[in-house]
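Data first, discussion second: the structure below is written as structure tokens.
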Amino acid sequence: MLFRSQQIERNLNATGARVPATNPLTTGEAIGARAQMIRDTFREERVSPAYEVAFQSAGNQRIPVDNVIADAERIIGSRLADVPLGVANRTVRDLRELQNGATLRQLDRVRKSVNKDIAAAESAGKPLGDLLELHQSIDNAVRDSDLPMRAQLQYGNALNLY
């Protein structure tokens with residue numbers, strides 16, 4: 001009986017030596033890395049192509065952006081030309097380039113800049129949450145434009161996938 005118990009203990013010890021030591025931090029990092037990989041793959045294989053389909057359908061047709069710019073100036077509290085550096089840099093830069101209308105791709109770039117500016121402001125402890133209202137303003141500009149309905153629906157689908 002003693003021999004059997006020693007054999008079991010030896011087998012357990014050998015198995016334990018082959019199992020890597022881990023801790024909650026290591027496990028969490030591995031899960032986070034896998035989640036990032038899945039997110040990146042989904043973005044590359046599904047989200048980006050959905051946006052491209054919408055951009056292709058919309059072509060170079062211009063969308064009026066006067067209301068988007070007016071909303072941005074209301075939210076920021078200043079004309080775009082007078083906005084100091086450090087306040088929604090990406091969004092302001094992108095909107096300044098669109099004074100004469102925008103393609104769907106250009107408006108989507110503004111949407112992404114809004115997200116980046118909000119994230120940067122939050123990490124710096126200076127929330128710009130109201131800037132998120134520009135998403136609705138962009139959506140309204142696309143909806144009220146002369147873009148083909150197909151392009152509008154495809155863009156909505158891409159936003160939903162994102």
* Under a Cβ-Cβ cut-off of 14 Å, what is the net charge of the residues other than Ile38 that fall near it, where Lys and Arg count +1 and Asp and Glu count -1? -> +1
* Asked: What is the gain in length, in nm to one decimal, between Tyr162 and Asp144 on full extension, counting 0.36 nm per residue of separation less the C-alpha to C-alpha distance?
  -> 4.3 nm
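Using a 10 Å cut-off on Cβ atoms, rank the peptides 35-44, 142-151 from the highest mean neighbour count down.
On the way: 35-44: 10.8, 142-151: 14.9.
The most tightly packed comes first, giving 142-151, 35-44.
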* With every protein chain present, what accessible area does Tyr51 have (1.4 Å probe, heavy atoms only), rounded to the nearest 10 Å²? -> 10 Å²
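In nm, what is the difference between 0.36 nm times the number of residues separating Arg105 and Glu133 and their Cα-Cα distance? Before the final figure, lay out each step's value.
Numbers: separation 28, 0.36 × 28 = 10.08 nm, distance 1.89 nm.
Full extension from Arg105 to Glu133 adds 8.2 nm.
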* Three principal axis lengths of the chain [C-alpha, angstrom, descending] -> 88, 38, 18
* Asked: Cα axis of helix 104-123 to longest principal axis of the chain: angle in degrees, 0 to 90, nearest 10?
  -> 60 degrees
* Structure fact -> Candidate cut points under GluC sites (Glu not before Pro) in the range 72-162, DSSP loop plus at most 16 other Cβ atoms within 10 Å of their own Cβ, are Glu97
* Asked: Any idea what angle helix 48-58 forms with the longest principal axis of the chain, computed on alpha-carbon atoms, 0 to 90 degrees, nearest 10?
  -> 20 degrees
* To do: Report, by chain and number, residues whose modeled amide H sits under 5 Å from the one on Gly101, excluding near sequence neighbours (fewer than 5 apart, same chain).
  => Val65
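The values are calculated or read from the model by the stated rules, or taken from the named source; none is laboratory data. Nothing here was measured: the structure is a model prediction, and the numbers come from that model. Virtual Cβ from ideal backbone geometry, glycine too; neighbours counted across all protein chains shown. To get the accessible areas, we keep the full protein, side chains included, count just its heavy atoms, and leave off ligands, DNA and RNA. Shrake-Rupley method; radii C 1.70, N 1.55, O 1.52, S 1.80 Å.
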